[in-house]
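A.B. asks: Questions regarding the structure given below will be posed in turn.
The values are calculated or read from the model by the stated rules, or taken from the named source; none is laboratory data. Keep in mind the model is a prediction, meaning the values are calculated, not measured. Cβ coordinates were reconstructed from backbone atoms using ideal geometry, including for glycine residues, and neighbour counts include every protein chain displayed.
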Amino acid sequence: MNIETARNIELPGGFAANPVIIKGEGAPVVYFHGPFGQEWDGFLDDLAAYRRVYAPAHAGAEQTEDLDQLDGLSDLVLYYDDLFDRLGLDRIDLIGHSFGGMVAAEYAATFRDRVRQLVLIDAMGLWRDDAPVADHLLVSPQALVKLLFHDPSKPEVAAKLAMPSEREAMNAAIVNRFGALASTSHFIHPIPERGLKRRLRRIKAETLVLWGAQDALVPPSYAAEFAELIPNARVEMIQGAGHVPQIEQRQLVSERLAKFLTDRPHPK
């Protein structure tokens, strides 16, 4: 990772410190990662070229004991509000991918005036019986790759999937991924539906819904549903991408984000 700062942010309530990755200068934007752990991908470097990016780890990923204090998404939303206070963030732009998109939408619906612009990338959180969200927890590694990526043969995907060659680093990566899956599954297993549909109407932030057109994990039909339920939202489909379009189509996703986030000036 090309990281400017990785700060352990202490939180009230006895939670473990959150290892927030911070990079860039400009108006603040927070990135909530998906179910496989804290990350810093190339598209976040693209974003940090013109914004100050904060990328926390989801609660419980570092210390699973934290989950004992988080009974549901409302508790997780308050956890992040405390984190933003500790970071000195007032109004923010918020980006969430997958599980992180679900949390970002919940946050924007709760703290309506704190989020200026919202970006949901292949977000979880809704459910349709005619297009169920696939199970990413109980499938083989090979099946999981097919759920996440449209074209696993792309070099960008291979690089994302590669494990460290050194055994100690590999073991650490496996432990980190397990912890991340445990922390996110606490809120979404067996299905990622917790009433978000009823709350999306409260979101005041201008919202961009980005979706991989070939997403096999969270079907693309959910993009239109998010846009329909959020008052000021629009959809942009990313062709040639599955559930992680910022990996398979990094340049296109970065271009769409830059246009959306810089359409009007933001105070720092």
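A.B. asks: For the range 22-63, which residues satisfy the criterion of being buried (at least 20 other Cβ atoms within 10 Å of the Cβ) and of a type in the set (Ser, Thr, Tyr)?
C.D. replies: Of everything in the range 22-63, those that are buried (at least 20 other Cβ atoms within 10 Å of the Cβ) and of a type in the set (Ser, Thr, Tyr) turn out to be 31, 54.
A.B. asks: Those residues that are of a type outside the set (D, E, K, R), assigned to a helix (DSSP H, G or I) and modelled with pLDDT of 70 or more, I need them from the range 185-206; list them, please.
C.D. replies: Narrowing the range 185-206 to residues of a type outside the set (D, E, K, R): 185-192, 195-196, 200, 203, 205.
Then drop every residue that is not assigned to a helix (DSSP H, G or I), which leaves 185-188, 196, 200.
If the condition is that a residue be of a type outside the set (D, E, K, R), assigned to a helix (DSSP H, G or I) and modelled with pLDDT of 70 or more, then 185, 187, 188, 196, 200 are the ones that fit.
A.B. asks: Let me ask something else about it. Restricted to the range 194-253, and to residues that are basic (Lys, Arg) and farther than 27 Å from residue 71 by Cα, which residue is surrounded by the fewest Cβ atoms within 10 Å (Cβ to Cβ)?
C.D. replies: 234
A.B. asks: Quick one: would you say residue 263 is at pLDDT below 95 and not hydroxyl-bearing (Ser, Thr, Tyr)?
C.D. replies: Here the answer is yes, as residue 263 does meet what is asked.
A.B. asks: Same structure again: Restricting to the range 93-105, give me the number of residues that are surrounded by 24 or more Cβ atoms within 10 Å (Cβ to Cβ) and closer than 11 Å to residue 29 by Cα.
C.D. replies: Final tally of qualifying residues: 3.
A.B. asks: Moving to a separate point now. Quick check on my filter: what residues within the range 7-49 are aromatic (Phe, Trp, Tyr) and in a strand (DSSP E or B)?
C.D. replies: 31, 32, listed by residue number.
A.B. asks: Within the set of pairs 6+ apart or on separate chains, which have a first residue in the range 67-96 that is closer than 20 Å to residue 205 by Cβ and free of Cβ contacts under 8 Å to residues at least 40 places away in the same chain, a second that is surrounded by fewer than 20 Cβ atoms within 10 Å (Cβ to Cβ) and of a type in the set (Val, Ile, Thr), and C-beta atoms under 9 Å apart?
C.D. replies: These pairs meet every condition: 74/110; 77/110; 78/110; 81/110.
A.B. asks: Determine if the range 248-256 includes at least one residue that is under 23 Å from residue 131 (Cβ atoms), modelled with pLDDT of 85 or more and out of contact with any Leu (no Cβ under 8 Å at 6 or more places or on another chain).
C.D. replies: Yes; the residues of the range 248-256 include at least one that is under 23 Å from residue 131 (Cβ atoms), modelled with pLDDT of 85 or more and out of contact with any Leu (no Cβ under 8 Å at 6 or more places or on another chain).
A.B. asks: Report yes if some residue within the range 100-108 is more than 16 Å from the chain's Cα centre (by Cα) and charged (D, E, K, R); otherwise report no.
C.D. replies: Looking through the range 100-108, none of the residues is more than 16 Å from the chain's Cα centre (by Cα) and charged (D, E, K, R).
A.B. asks: Against the conditions (1) surrounded by 13 or more Cβ atoms within 10 Å (Cβ to Cβ); (2) farther than 21 Å from residue 26 by Cα, where does residue 132 fall short? Just the number, please.
C.D. replies: Every condition holds for residue 132 apart from (1).
A.B. asks: How many residues are under 26 Å from residue 239 (Cα atoms) and free of Cβ contacts under 8 Å to residues at least 60 places away in the same chain if we restrict to the range 97-131?
C.D. replies: Of the range 97-131, the ones under 26 Å from residue 239 (Cα atoms) are 97-105, 117-131.
Filter again for free of Cβ contacts under 8 Å to residues at least 60 places away in the same chain, leaving 129-130.
Residues in the range 97-131 being under 26 Å from residue 239 (Cα atoms) and free of Cβ contacts under 8 Å to residues at least 60 places away in the same chain: 2 in total.
A.B. asks: Continuing with this model, one more query. Counting only residues that are of a type outside the set (Gly, Ala, Ser) and out of contact with any strand residue (DSSP E or B) (no Cβ under 6 Å at 6 or more places or on another chain), how many does the range 188-242 have? Even if it seems obvious, please write down each step before you answer.
C.D. replies: Filtering the range 188-242 down to residues of a type outside the set (Gly, Ala, Ser) leaves 188-194, 196-204, 206-211, 214-215, 217-220, 222, 225-226, 228-232, 234-239.
Adding the requirement that they be out of contact with any strand residue (DSSP E or B) (no Cβ under 6 Å at 6 or more places or on another chain) leaves 188-194, 196-204, 214-215, 217-219, 222, 225, 228-229, 231, 234, 239.
Total satisfying the criteria: 28.
A.B. asks: While we're looking at this one, here's another question. Which one is surrounded by the fewest Cβ atoms within 10 Å (Cβ to Cβ) among residues in the range 64-82 that are part of a loop (DSSP other than H, G, I, E, B) and out of contact with any Lys or Arg (no Cβ under 8 Å at 6 or more places or on another chain)? Please lay out each step first, then the result.
C.D. replies: Narrowing the range 64-82 to residues part of a loop (DSSP other than H, G, I, E, B): 70-72.
So of that shortlist, the ones also out of contact with any Lys or Arg (no Cβ under 8 Å at 6 or more places or on another chain) come out as 70-71.
Values: 70: 20, 71: 11.
Filtering first and then ranking leaves 71.
A.B. asks: Next question. Which residues, taken from the range 207-247, are more than 16 Å from the chain's Cα centre (by Cα) and part of a loop (DSSP other than H, G, I, E, B)?
C.D. replies: 213, 214, 216, 219, 220, 230, 231, 232, 239, 240, 241
A.B. asks: Taking residue 85 and the conditions (1) in contact with a Gly (Cβ under 7 Å, 6 or more places away or on another chain); (2) not in a strand (DSSP E or B), which numbered condition does it fall short on, given that it satisfies the others?
C.D. replies: Every condition holds for residue 85 apart from (1).
A.B. asks: From the set of residues in the range 134-148 that are in a helix (DSSP H, G or I) and touching a residue at least 60 places away in the same chain (Cβ under 8 Å), which is nearest to residue 248 (Cα to Cα)?
C.D. replies: Of everything passing the filter in the range 134-148, 148 is nearest to residue 248 (Cα to Cα).
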